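Asker: Right, I'll just put the structure down here and ask away after.
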Amino acid sequence: MGSISWERFQSLLLNATLETLYMVALATLFTVLIGLPVGVLLFLTRQDGIFPQRWLSRPLNVLVNIGRALPFVVLLIALIPFTRLLIGTTLGSTAAVVPITLGAFPFFARIVENALEEVDRGRVEAVVSMGGSNWHIVSRVLLPEALPALMSGITLTVVMLIGFSAMAGVIGGGGLGDLAIRYGYQRFNNQIMFATVIVLLLLVWLVQRMGDQLVRGLAHRR
């Protein structure tokens with residue numbers, strides 16, 4: 001294991017994996033909390049939406065498009081001052097959650113918008129004709145009907161977040177990416193590089209498998 005003992009290697013890999021899981025879990029929570037309402041607003045307020053509001057849909061579209069267009073590595077560096085202001089540091093797993101979330105929520109918001117497009121407009125119009133409020137339309141029709149597509153979108157987003165968490169190692173974000181850079185790349189330790197790649201692949205495989213099973217289960221209940 002190069003200049004690192006087997007016990008040290010196990011400890012580093014375990015801690016890095018736990019840090020990655022922590023970052024991904026926290027970033028997933030915040031990404032959904034921000035991206036879900038943004039995606040719903042994108043769907044409701046666009047020109048062909050249920051409640052067209054150009055003054056709101058245009059800036060939201062610009063925000064989402066800019067967020068999706070920016071390369072994540074550039075965003076990581078650009079958000080260093082904001083992360084330091086918000087968290088007090090730019091190092092560590094907690095600090096990395098800030099750019100990871102801000103880089104992911106535009107992607108998820110667009111997924112939400114696309115998922116809501118699959119909902120039968122007839123059901124929405126039925127609720128509107130019965131005097132249903134905007135909240136009823138969203139909570140009783142749009143989100144329940146689009147739940148399988150939303151779960152599939154969350155799965156895709158989590159897979160992307162795993163990749164983002166690895167890239168956060170560039171700025172000392174902790175996790176498997178940081179381990180690969182500091183102990184693998186910088187110290188020319190191919191075993192650590194290989195181990196981190198294997199763990200990342202396993203995480204992606206597990207997330208995708210669990211997500212697919214949840215989507216199938218939700219689809220069968222409809």
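Asker: Determine which member of the set G103, G88, G35 is among the small types (G, A, S) and modelled with pLDDT under 90.
Answerer: After ruling out the rest, the residue left standing is G88.
Asker: Looking only at residues that are within 30 Å of L176 (Cα to Cα) and open to solvent by less than 50 Å² (accessible area, probe 1.4 Å) in the range 205-222, which one is modelled with the lowest pLDDT?
Answerer: V215
Asker: Okay, moving on. Based on what the data block shows, is L44 modelled with pLDDT under 95, within 27 Å of V207 (Cα to Cα) and surrounded by 16 or more Cβ atoms within 10 Å (Cβ to Cβ)?
Answerer: Considered against the rule, which asks whether it is modelled with pLDDT under 95, within 27 Å of V207 (Cα to Cα) and surrounded by 16 or more Cβ atoms within 10 Å (Cβ to Cβ), L44 comes out as no.
Residue-wise test of (1) more than 16 Å from the chain's Cα centre (by Cα); (2) farther than 18 Å from I181 by Cβ; (3) in contact (Cβ under 8 Å) with a residue 60 or more places away in the chain.
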{"residue": "I4", "(1), (2), (3)": "yes, no, yes"}
{"residue": "Q10", "(1), (2), (3)": "yes, yes, no"}
{"residue": "G39", "(1), (2), (3)": "no, yes, yes"}
{"residue": "F43", "(1), (2), (3)": "yes, yes, yes"}
{"residue": "G92", "(1), (2), (3)": "yes, no, yes"}
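Asker: Please go through the range 170-185 and give me each residue that is surrounded by fewer than 24 Cβ atoms within 10 Å (Cβ to Cβ), part of a helix (DSSP H, G or I) and of a type in the set (G, A, S), ordered by number.
Answerer: Passing the criteria: A180, G184.
Asker: Right, next: Out of M193, M130, M151, I need the residue that is within 29 Å of L102 (Cβ to Cβ) and either open to solvent by 70 Å² or more (accessible area, probe 1.4 Å) or without any contact (Cβ under 8 Å) to a residue 24 or more places away in the chain (or both). Which one?
Answerer: M193
Asker: Could you list all residues from the range 117-127 that are open to solvent by 30 Å² or more (accessible area, probe 1.4 Å) and assigned to a loop (DSSP other than H, G, I, E, B)?
Answerer: Scanning the range 117-127 gives E118, D120.
Asker: Out of V199, V215, report the one residue that is part of a helix (DSSP H, G or I), under 16 Å from V24 (Cα atoms) and not acidic (D, E).
Answerer: Just one listed residue meets the conditions, V199.
Asker: If you don't mind, another one. Checking L75 against (1) open to solvent by less than 40 Å² (accessible area, probe 1.4 Å); (2) within 23 Å of L147 (Cα to Cα), only one condition comes out false. Which one?
Answerer: Condition (2) is where L75 drops out.
Asker: Wholly within the range 1-116, which helices (runs of 4 or more DSSP H) include no fewer than the required count, namely at least 3 residues that are among the aromatic types (F, W, Y)?
Answerer: Of the helices (runs of 4 or more DSSP H) lying wholly inside the range 1-116, those with at least 3 residues that are among the aromatic types (F, W, Y) span 6-45.
Asker: Please identify the pairs in which a residue from the range 54-68 that is hydroxyl-bearing (S, T, Y) has its Cβ atom under 9 Å from the Cβ atom of a residue that is open to solvent by 100 Å² or more (accessible area, probe 1.4 Å), counting only partners at least 6 apart or on another chain.
Answerer: Matching pairs, first to second residue: S57/Q47.
Asker: A further question follows. Consider the range 27-86. How many of its residues are aromatic (F, W, Y) and in contact with a Pro (Cβ under 9 Å, 6 or more places away or on another chain)?
Answerer: Residues flagged as aromatic (F, W, Y) and in contact with a Pro (Cβ under 9 Å, 6 or more places away or on another chain) within the range 27-86 amount to 2.
Asker: Condition first: under 20 Å from A27 (Cα atoms) and more than 19 Å from the chain's Cα centre (by Cα). Can you find one or more residues in the range 97-114 that meet it?
Answerer: No, that holds for no residue.
The values are calculated or read from the model by the stated rules, or taken from the named source; none is laboratory data. Computed from a prediction, not measured in an experiment: that's the story for all the values here. Note: ideal-geometry Cβ built from the backbone for every residue, glycine included; neighbour counts use all protein chains shown. These area figures cover heavy atoms from the full protein model, side chains too; ligands, DNA and RNA do not enter into them. Shrake-Rupley method; radii C 1.70, N 1.55, O 1.52, S 1.80 Å.
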